[in-house]
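Engineer: To start, I am sharing the structure in question, which I have written as structure tokens.
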Amino acid sequence: MEQQKLLELLHSLTIEEKIGQLLQLSGDFFTTTDAVTGPAANLGIGEDDVYRCGSVLSTIGAEKTKEMQDMFLAKNKKIPMMFMADIINGYRTVFPIPLAQGATFNPELSKEGASIAAKEAAASGIHVTFSPMADMVRDGRWGRVMESTGEDIYLNSCFAEKMVEGYQGDDIGKKGNIAACLKHFAGYGGAVAGRDYNEVELSERTLREDYLPAYEAAIKAGVKLVMTSFNTLDRIPSSANKKLMRNILRDEMGFEDVLISDYAAINEIIDHQVAENRAQAAKLAIEAGVDIDMMTACYVSELKNLVAEGGISESLIDEAALRVLELKNELGLFENPYKDASVEDEKKLLLCPKHREASRRAAEESFVLLKNEEHILPLKKEEKVAFIGPFCEEKGLLGFWTFFSDRADTITVREGVESYLGEQKDHVSFVNGASLPILGEDWTGKLLDVKEAVEAAKNADKVVLLLGEKEDAMGEGASKLNTRIPAAQKELFDAVTSITEQVILVVFSGRPFVLTLEEPKTKAILEAWMPGTDGGSALANVLYGEISPSGKLSMSFPWDEGQLPYNYNHPRTARPHRDYVPYNRFQSHYVDGPNEPLYPFGFGLSYTTFHYSPITLDKNVLTKNDGDMITASVTVKNTGDVAGKEVVQLYLHDVFASVTHPVRSLKGFEKILLQPGEEKTVQFQIKEDMLRLWNIGMEHVSEPGAFELWIGGDSLTDNRAEFTLV
Ligand code: BGC
């Protein structure tokens, strides 16, 4: 529809109809025979409101969405509904959780994953996904770290951009594309004490320096929607934060499309005790520029009165409704209200071999090898291996936000290993040994067949312990005090490690675990995260050396929860801790443990080894002149005897500036494949805009002076060079 027609449509609408476009309801409002006595009555809205609503969340399936659209259009002929859902790490074909995707250091894989998720979801009638989550995270106690790509500003920005490109393609109206929704604006990942929904306390400088860039990258990539966050920032609930939404998001960052509240977040302005009633909450939210009210009655029950009483101008409603109509128009819904919903396409696309293969590749690249002594890994087909732990036959390898997938489709570790070994599968045995904790029932899990586990371990050349947390112990509302292997599994671990040293620990988790107690008793540790639909096959391929691990940590693995929140790119203190010898009380440190994490950001081993040459710079003075750059090069050689991928990482540090600044920050990376003996030269271009910071006057500028850079395989690399900015 042409813009002029769209404006005419807007002006033809009653105020109730315009406000209707701003309401989002879940599908169950439409399936009850009597909407008003069902969920609608509970929410405090009438049937008319239901049939004026602009969008629906969490209803999926080609048949169902078409039926609902028909039923809706029969009552409301003018404007089709938009269907939205949380398609986070895949729809029916599930990819590794976003934190694991971050560990691939391969944003193109996530672009491919997002595009596959879009194709599948579009065939099932979805128009908008509530993804990507670009929240920066530093505290593994927070359950939602699994939905983020980690603790690094630059890494998150790269992933946010590529995911938006993957979902939206070059035009959301085209077949197989859906609109993306960036969330949660802003700073949700900074929840104090890692407790979900808790307040966020950030200085404006830290907000701008560390938290906003990844959101900005998604906006630059053209993301069509933004979601407000549940938290307060500077003690202001996000959905009521005019400065954040109007000045920063819209004016500064240039976001022009739809801003949606998080689930019930407008009503929660009352729970935050910042609005006394719905009318006040609605006024604060619409003035802040929130277009869609997800699942509350605030807008539909209050906006009309607010206009009538002169509390707000009707132009605020027009502005919001127009943005919603424009989005529907871009999706092509006025011409085809079903968009791509098609039962035939669902049959063709959902879980098709091509999609599963892509998800398996992403999983293989996401595994992080944290330790591998005496080449205990890879396993050999002829070895007798005992696989022990509750993840032997666990179908829940998908992560929390995967409500539309079916666990029956998951390839378990047992299935993956047995199918890999074929006729040699009688070399391996599987024992569960312990159960996973059941939320609300027990916090520890239960010991099961320990004797059998110990027996299996005794009879094996090697033991692979498959331990970790259950899918529902991560994600929204799953903050933890204790981010360790749950107690029953730890007992199992102790029983097995007391009779054999040939132990490989594979960890399934949606967050960095504290593995300090287990580390000395294992020869190898592999972080497998939640690997997705084909996780079992991916794991078999990596454990048996078909593919060498190439993941690098997207979040530091702490030595103890007491270090949290932790991030490698922290500013230095005036009393930086050096080491314990000689002991100096008056340095910034803990008296009962180290400052350093057990495994740092960017770290991950391979079955091969890589040698880095010293850095060469083509010059060591950079000017602020347009287009000026320094080229930094290293040559990386595969010095082992198998092929492997390495993530070459560039870190920068401003030696002196008007405000304190990170000890080092990732500013570039490249993942390269090297055959045994092969070497490649990797080049990074260093430009002035990579050196900018929010200076003492709150300007985003670079400050002349000395800079350091490092290029290596993790955030602790000491392969260093220097240059000067003039
Ligand atoms: C979550 C969002 C999600 C929304 C809709 C909320 O509880 O915070 O991330 O998109 O629900 O399901």
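Engineer: Going by what's in this entry, would T228 be described as without any contact (Cβ under 8 Å) to a residue 60 or more places away in the chain and not aliphatic (A, V, I, L, M)?
Structural biologist: Criteria not met by T228.
Engineer: Within segment 653-711, count every residue that is more than 14 Å from L622 (Cβ to Cβ), part of a loop (DSSP other than H, G, I, E, B) and either more than 26 Å from the chain's Cα centre (by Cα) or of a type in the set (K, R) (or both).
Structural biologist: Qualifying residue count, segment 653-711: 15.
Engineer: Collect the residues in segment 329-342 that are farther than 21 Å from A114 by Cα and assigned to a helix (DSSP H, G or I), keeping them in residue-number order.
Structural biologist: N329
Engineer: Which of the residues spanning segment 60-80 are part of a loop (DSSP other than H, G, I, E, B) and either away from the ligand (no atom under 16 Å from the Cβ) or free of Cβ contacts under 8 Å to residues at least 40 places away in the same chain (or both)?
Structural biologist: Those that are part of a loop (DSSP other than H, G, I, E, B) and either away from the ligand (no atom under 16 Å from the Cβ) or free of Cβ contacts under 8 Å to residues at least 40 places away in the same chain (or both): G61, N76, K77, K78, I79, P80.
Engineer: Picking from L436, L398, which residue would you name as being under 19 Å from F367 (Cβ atoms), away from the ligand (no atom under 16 Å from the Cβ) and part of a loop (DSSP other than H, G, I, E, B)?
Structural biologist: The unique qualifying residue is L398.
Engineer: Right, another one. Which residue out of A281, A275 is modelled with pLDDT of 95 or more, under 22 Å from N305 (Cα atoms) and assigned to a loop (DSSP other than H, G, I, E, B)?
Structural biologist: On the way: A281 fails: assigned to a loop (DSSP other than H, G, I, E, B).
Testing whether each residue is modelled with pLDDT of 95 or more, under 22 Å from N305 (Cα atoms) and assigned to a loop (DSSP other than H, G, I, E, B) leaves just A275.
Engineer: Follow-up. Out of (1) in contact with an Asp or Glu (Cβ under 9 Å, 6 or more places away or on another chain); (2) in a loop (DSSP other than H, G, I, E, B), what's the single condition that is false for V300?
Structural biologist: (2)
Engineer: Is it fair to say I312 is over 16 Å from D135 (Cβ atoms), within 14 Å of the ligand (Cβ to nearest atom) and in a loop (DSSP other than H, G, I, E, B)?
Structural biologist: Working: over 16 Å from D135 (Cβ atoms): yes; within 14 Å of the ligand (Cβ to nearest atom): no; in a loop (DSSP other than H, G, I, E, B): yes.
No: the conditions fail for I312.
Engineer: Filtering segment 139-171 down to residues that are of a type in the set (A, V, I, L, M) and within 16 Å of the ligand (Cβ to nearest atom), which residue is farthest from the chain's Cα centre (by Cα)?
Structural biologist: V164
Engineer: Here's another thing I want to ask about it. Which numbered condition in (1) under 21 Å from L99 (Cβ atoms); (2) in contact with a Leu (Cβ under 9 Å, 6 or more places away or on another chain) is the only one that L465 fails?
Structural biologist: The single condition L465 does not satisfy is (1).
Engineer: Right, next: Within 30 Å of L652 (Cα to Cα), without any contact (Cβ under 8 Å) to a residue 60 or more places away in the chain, away from the ligand (no atom under 16 Å from the Cβ) and not in a strand (DSSP E or B): does that describe K174?
Structural biologist: No; evaluated as a whole, the condition is false for this residue.
Engineer: Can you tell me which residues in segment 449-480 are in a loop (DSSP other than H, G, I, E, B) and farther than 13 Å from V496 by Cβ?
Structural biologist: The answer is D461, E469, K470, M474, G475, E476, G477, A478, S479, K480.
Engineer: Sticking with this structure for a sec: As an exercise: evaluate A85 against (1) over 14 Å from the mean Cα position of the chain (by Cα); (2) within 19 Å of F367 (Cα to Cα); (3) within 16 Å of the ligand (Cβ to nearest atom) and give the number of the one condition it does not meet.
Structural biologist: Of (1) over 14 Å from the mean Cα position of the chain (by Cα); (2) within 19 Å of F367 (Cα to Cα); (3) within 16 Å of the ligand (Cβ to nearest atom), only one is false for A85: (2).
Engineer: From the list I286, I269, pick out the single residue that is within 16 Å of the ligand (Cβ to nearest atom), assigned to a helix (DSSP H, G or I), buried (at least 24 other Cβ atoms within 10 Å of the Cβ) and in contact (Cβ under 8 Å) with a residue 24 or more places away in the chain.
Structural biologist: I269
Engineer: Same structure, new question: Which members of segment 369-421 meet the condition of being farther than 29 Å from E501 by Cα and either free of Cβ contacts under 8 Å to residues at least 40 places away in the same chain or over 29 Å from the mean Cα position of the chain (by Cα) (or both)?
Structural biologist: R407, A408
Engineer: Pick out the one residue from D426, D472 that is surrounded by fewer than 24 Cβ atoms within 10 Å (Cβ to Cβ) and either under 19 Å from K521 (Cβ atoms) or more than 16 Å from the ligand (Cβ to nearest atom) (or both).
Structural biologist: Exactly one of D426, D472 is surrounded by fewer than 24 Cβ atoms within 10 Å (Cβ to Cβ) and either under 19 Å from K521 (Cβ atoms) or more than 16 Å from the ligand (Cβ to nearest atom) (or both), namely D426.
Engineer: I'd like to check something: does segment 152-170 contain any residue that is of a type in the set (S, T, Y), within 19 Å of K552 (Cβ to Cβ) and buried (at least 24 other Cβ atoms within 10 Å of the Cβ)?
Structural biologist: Taking segment 152-170 first, the residues of a type in the set (S, T, Y) are 154, 157, 167.
Now restrict to residues that are within 19 Å of K552 (Cβ to Cβ): 154, 157.
So of that shortlist, the ones also buried (at least 24 other Cβ atoms within 10 Å of the Cβ) come out as none.
Within segment 152-170 (the criterion being of a type in the set (S, T, Y), within 19 Å of K552 (Cβ to Cβ) and buried (at least 24 other Cβ atoms within 10 Å of the Cβ)), the answer is no, since none of the residues qualifies.
Engineer: Give S110, S148, S115 a once-over and let me know the one that is under 21 Å from G399 (Cα atoms), in contact (Cβ under 8 Å) with a residue 40 or more places away in the chain, surrounded by fewer than 24 Cβ atoms within 10 Å (Cβ to Cβ) and polar (S, T, N, Q).
Structural biologist: Testing whether each residue is under 21 Å from G399 (Cα atoms), in contact (Cβ under 8 Å) with a residue 40 or more places away in the chain, surrounded by fewer than 24 Cβ atoms within 10 Å (Cβ to Cβ) and polar (S, T, N, Q) leaves just S115.
The values are calculated or read from the model by the stated rules, or taken from the named source; none is laboratory data. Because the structure is a prediction, the values reported are computed rather than measured. In this analysis, Cβ positions are derived from the backbone assuming ideal geometry, glycine residues included, and neighbour counts consider all displayed protein chains.
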